[in-house]
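The values are calculated or read from the model by the stated rules, or taken from the named source; none is laboratory data. For clarity, every value in this text was computed on a predicted model and none was experimentally measured. Cβ: placed from backbone, ideal geometry, glycine included. Neighbour counts: every protein chain shown. Remember, those area values only see protein heavy atoms, side chains included, never the ligands or the DNA or RNA. Shrake-Rupley method; radii C 1.70, N 1.55, O 1.52, S 1.80 Å.
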Amino acid sequence: MASSIIESPVADSVDQLIADQEKVFLARQPRSTEMIARAREHLAGGATSNWQIAQPQAVWMSHGAGSKVYDVDGTEYVDMHGGYGASIAGHAHPAIVEAVSRQVRRGTHFAQPTEDAIWIAGELSRRFDLPLWRFANSGTEATMDAVHLARSVTGRDLIIKVEGCYHGHHDSVEVSVLPEADEVGPRDHPTGVPGNSGIPAAIRDLVVVVPFNDPDAVARALSEHRGQVAAMIVEPVMMNAGIIPPADGYLAAIRDLLHDQGALLIYDEVKTGFTTGPGGVTAISGVVPDMLCLAKALGGGISVAAIGGSTHVMSAIADGRYEQVGTFNGNPLAMAATRATLAEVLTADAYRRMDALATRLRNAVDATIADYGYGWHVVSVGAKGCVTFKSEPVREFRDFLQIDDRLGHLHWLMQHNGGVFLPPWGKVEQWLLSVQHDEADVDRFAANFARLATAVAG
């Protein structure tokens with residue numbers, strides 16, 4: 001069983017710090033409080049997604065511009081939430097505004113392909129070294145199609161999935177997403193824990209759960225289910241438990257193990273695609289999967305997704321063995337935004353600027369951690385980064401379970417009250433830089449983090 005011991009350098013006084021910061025948080029947002037009360041009449045839970053319901057309350061937004069967002073009370077924030085990784089272009093980027101505005105005047109929906117789709121597919125092929133592509137509307141749809149396609153091509157039913165990875169909210173992958181320490185079972189045979197209510201046991205039985213960064217576990221799963229595994233789906237840099245990079249050789253090792261047994265490798269680069277670099281982790285690692293799922297940053301803030309694959313795999317779509325469908329697949333607005341994002345926003349110069357800002361931010365946070373001797377550490381890759389409130393590196397999900405989540409929540413509150421908007425549940429993921437951030441933006445984050453360190457020190 002995973003240990004339930006939580007590593008934390010702080011005393012229970014952190015609970016009082018959280019209570020104090022939550023009071024400040026609520027005092028700043030009277031209109032959000034009002035809107036939540038109104039919303040509960042007709043919006044289930046008072047929000048449009050459970051992920052928008054934070055503690056002590058959801059933040060209702062008015063608008064965004066550049067690197068900033070503004071809540072309904074008129075308060076300005078440096079946006080490092082980034083829509084869970086979607087807003088790498090920032091807000092109202094001129095190239096995307098122009099592209100979408102132009103297309104709106106030409107038509108918003110045809111359920112037929114437009115020329116932009118050809119250019120985008122070619123550009124994705126160039127960046128990710130996979131020849132054939134299809135489009136969808138969300139990361140969930142992309143991973144759903146990839147799993148279905150793997151089963152179609154191989155004629156097998158089982159999927160290997162990494163413990164603690166999130167791949168969307170369709171049945172096939174809603175297993176062991178964020179299980180509790182008392183649910184996970186033995187490390188060599190993790191328990192498949194339902195990631196939500198409504199996931200049938202029959203579906204869970206089709207998922208074999210393994211730890212991240214453990215090729216031996218993959219080899220064992222393939223051996224124990226010989227000839228039954230269609231594919232393994234994995235985030236090549238794990239992003240649902242802070243940020244966990246792959247160990248040297250891990251990605252190549254699991255690819256070879258899968259191929260030796262006639263199974264396929266699926267990369268979920270919904271979070272890492274474009275945020276880690278122009279060709280995602282695929283280009284950085286040089287290990288090309290059989291299928292690749294993209295979404296979030298792909299559309300510069302507009303909902304779009306893509307599935308790429310080898311000729312062998314994607315031929316099942318081309319010859320009709322698998323029907324990859326969707327009324328809004330390749331929607332002209334989404335295609336216009338995506339082309340602008342790839343051609344005019346995510347340029348080589350933009351990546352150089354984001355890399356420089358990421359280095360500046362990491363150095364400042366590292367310096368504060370060193371000053372206070374906490375043993376925390378920063379993990380970052382490309383435009384995404386987080387503080388891991390733990391002295392030892394996190395190599396897989398069970399290491400992540402050891403972290404005191406109160407520290408992440410306190411950090412989120414203090415950044416918010418200090419004018420930086422981050423994803424809630426700061427233990428999980430923390431910041432995204434965009435092409436429109438500047439040095440003053442990252443310096444504000446660093447100053448807020450220094451205040452956190454001082455407060456925790458007492």
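As a length-normalised measure over Cα pairs under 8 Å and 6 or more apart, the relative contact order of the chain settles at 24 percent. Roughly speaking, what is the centre-to-centre gap between region 406-458 and region 79-93 when only Cα atoms are used, to the nearest Å? A separation of 16 Å, based on Cα centres.
Think of region 367-439 as a dipole: +1 on every Lys or Arg Cβ, -1 on every Asp or Glu Cβ, centred on the Cα centre; then among I369, L413, F400, F400 lies furthest on the positive end.
Count Lys and Arg as plus one, Asp and Glu as minus one, and take only other residues whose Cβ is under 12 Å from that of S62; the net charge is then -1. Among the listed values [x] -0.46, -1.08; [y] -0.70, -1.08; [z] -0.41, -0.97, the one matching log10 I(q)/I(0) by the Debye sum over Cα atoms at q = 0.08, 0.12 Å⁻¹ as calculated from this structure is [x].
Placing unit charges on the Cβ atoms of the charged side chains and taking the dipole of the chain about its Cα centre, the candidate lying farthest along the positive direction among L422, I160, Y351 is Y351. Once the 1.4 Å probe is applied to the protein heavy atoms, the chain comes out at 40 Å² accessible per residue. One chain, two ends: S315 and Q52. Fully extended at 0.36 nm per residue, the span grows by 90.8 nm beyond their Cα-Cα distance. So which GluC sites (Glu not before Pro) in region 316-418 are both in a DSSP loop and have at most 16 other Cβ atoms within 10 Å of their Cβ? Sites meeting the loop and neighbour criteria: E323.
Counting 0.36 nm for each residue step from D260 to D157 and taking away their Cα separation leaves a gain of 35.3 nm.
The length gained on full extension between A247 and D73, counted as 0.36 nm times the residue separation minus their Cα-Cα distance, comes to 58.2 nm. For region 246-277 versus region 353-376, the inter-centroid distance based on Cα atoms is 29 Å.
Each DSSP beta bridge with both residues in the chain is either parallel or antiparallel, and the antiparallel ones are about 60%.
In terms of overall dimensions, the C-alpha atoms belonging to region 94-345 reach 57, 38, 37 Å along their principal axes, ordered largest to smallest. Among the protein heavy atoms of the chain, carbon and sulfur supply 52% of the accessible surface, probe 1.4 Å, non-protein parts ignored. In a reduced charge model with +1 at each Lys and Arg Cβ and -1 at each Asp and Glu Cβ, region 94-345 shows a dipole moment near 740 debye about its Cα centre. Modelled spin labels at A37 and R360, positioned 7 Å past Cα toward Cβ, are 4.2 nm from each other. Comparing Cα centroids, region 279-299 and region 195-227 end up 23 angstrom apart.
Computed about its Cα centre, the charge dipole of region 63-201 is approximately 680 debye, with only Lys, Arg, Asp and Glu carrying charge at their Cβ.
Magnitude of the charge dipole for the chain, about its Cα centre and with charges confined to Cβ atoms of Lys, Arg (+1) and Asp, Glu (-1), is about 920 debye.
Mean residue ellipticity, 222 nm, helices only, the chain: the sum of -39500 (n - 2.57) across DSSP H runs of n ≥ 4, divided by residue count and rounded to 500, is -12000 deg cm²/dmol.
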